[in-house]
1. Please give the number of the condition GLU382 fails out of (1) assigned to a helix (DSSP H, G or I); (2) without any contact (Cβ under 8 Å) to a residue 12 or more places away in the chain.
2. Among the residues of segment 385-395, count how many are closer than 16 Å to GLU432 by Cβ and either in contact (Cβ under 8 Å) with a residue 24 or more places away in the chain or not in a helix (DSSP H, G or I) (or both).
3. Name the residue that is nearest to the chain's Cα centre (by Cα), counting only residues in segment 396-439 that are closer than 20 Å to ARG352 by Cα and assigned to a loop (DSSP other than H, G, I, E, B).
4. With the condition being β-branched (Val, Ile, Thr) and within 17 Å of ASP199 (Cα to Cα), I'd like the strands (runs of 3 or more DSSP E) fully within segment 70-168 carrying at least 3 qualifying residues.
5. For segment 349-364, indicate whether the set of residues that are of a type in the set (D, E, K, R), in a helix (DSSP H, G or I) and within 30 Å of ARG11 (Cβ to Cβ) is non-empty.
6. For GLY72, indicate whether it is surrounded by fewer than 19 Cβ atoms within 10 Å (Cβ to Cβ) and closer than 16 Å to LEU218 by Cα.
7. Among the residues of segment 17-36, count how many are surrounded by 14 or more Cβ atoms within 10 Å (Cβ to Cβ) and at pLDDT 80 or above.
Amino acid sequence: MKKPRSWRWLRLAVPPATVLLVLLTGLVLFELEQPDEDDPAYLSPASTAAIGASTLADGVRAAGVKIARVGGTADAFLPENRGDVTILLTTPQFVHPEYLRRLALLSSATRVVVVEPSRETLLRGQVPIEGTDRALASGVSAPGCDYRPATDAGRAGVRRTRYGPVNQAGEAQLARCYDDSLVVLSRGWTTMAVVGSADPFRNDRIGEFGNAKLAVGLLTERPLLVWVDLHHREAPPKPEENPYQGGPTRQPTSTAGPTQTAGPDRPSGTPSGGRTTPQRPSAPPQTPSPQQSERQNPLWHAFPAWTYVVAVLLAVAFLLYALARARRMGGPVVEPLPVVVRAGETVTGRGRLYQRARAREESLTTLRSAALSRMARLLRLEPGTHRETIVTAVAASSGWPQHTVRDTLFGAPPEDDGSLVIAAIQLEALVEAVTTEQPDAEGARR
């Protein structure tokens, strides 16, 4: 008769499979909820989608600021976009690192707003911020600083990517707000604001808390906003456009104050007001040293934050699986032994193992423990009885002298195999003397 199929394995497989399914479903839903930055609608001033930024663009225009939408970072360096402007980089990871480095050469009247750059983007663009810590979702916090756009906005949902300290050796930090999620620093001639979340710019999140005031405040400090609407990786600049390779260079200019362009009647670096302004070198910033790169690239930040969450959840799932495997599924089941081994063979095999290991002391300790347990049961001695009490009781029962009983039960360990055999024989004789009835002083039998 065919044995019925057992479904007991489902008790072990279903719990971890359910946990794993829930984890995978959560991860898939989380990834689907994240916007694709290569989507043309992402933070586009002309898009009314949830991830678009048409609401922000309307708010900027309502504040009297003109918007110049460009499709590449190179267009932001055109003459008509220079001077008293704000440059918005919504997808900095698509910007070529060379353009990020050139931002330091713009005029002092230019402001740059960068939306949620990653650590790799900052490192390639040589932005002097020493690291990032990115959360799974944006959080809300108070400004915690005196930066005007932040104080006007109040609490905002910008705390997602938190940035480390600014490298004070090269640039200066001007403000740090929202628990390190909004950092304003000087970058060459320009002022750069690094924003840790895209939520204040999106149509579906701009109405929450003070997001709208914060985003509009960051982008309306200059009369012109150059909106870089980029959704693909840029090609490197052409050699003739690269000021570091002998191409035409541009001195910083400003439309908000005295011109800073060198003329025939004024040396370079001297404004029309007669004050001497220190000039920044036109050479690109130096590449970070290996020590700096190693300090800025710890292993903890080498992987996305979600990988650590997945690792923790998998560890929890494995622990639950281990607990499910370890717990008893029901009552004990009596099953026939596959092989019956004689007791004598077991004793002989164990003895040979002790002999091979030369465990003389352990062997005699095992024999003494078994003998003491047997005699204590016969003499009705409680567990934990003092040694001398045991010796007295055993000597009285066996008729042996107390010193002989003490040496037999608690003597020194044997020095060789011969001593072990003698001690075992003497111990067996003592047990035999206790378990065998002895005549008393009057000849009566116990």
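1. For GLU382, the failing item is (1).
2. 1
3. Selected residue: PRO413.
4. 111-115
5. No: segment 349-364 contains no residue that is of a type in the set (D, E, K, R), in a helix (DSSP H, G or I) and within 30 Å of ARG11 (Cβ to Cβ).
6. So GLY72 does not fit the description; no.
7. 2
Residues are listed down the side, and each one gets a yes or a no for (1) among the basic types (Lys, Arg); (2) at pLDDT 90 or above; (3) assigned by TED's automatic domain parsing to the domain that holds GLU361:
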| site | (1), (2), (3) |
| --- | --- |
| LEU381 | no, no, yes |
| THR385 | no, no, yes |
| ILE390 | no, yes, yes |
| VAL394 | no, yes, yes |
| PRO401 | no, yes, yes |
| THR404 | no, yes, yes |
| ILE425 | no, yes, yes |
| LEU430 | no, yes, yes |
| ASP440 | no, no, no |
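The values are calculated or read from the model by the stated rules, or taken from the named source; none is laboratory data. Keep in mind the model is a prediction, meaning the values are calculated, not measured. Note that we place each Cβ from the backbone using ideal geometry, even for glycine, and neighbour counts take in every protein chain shown.
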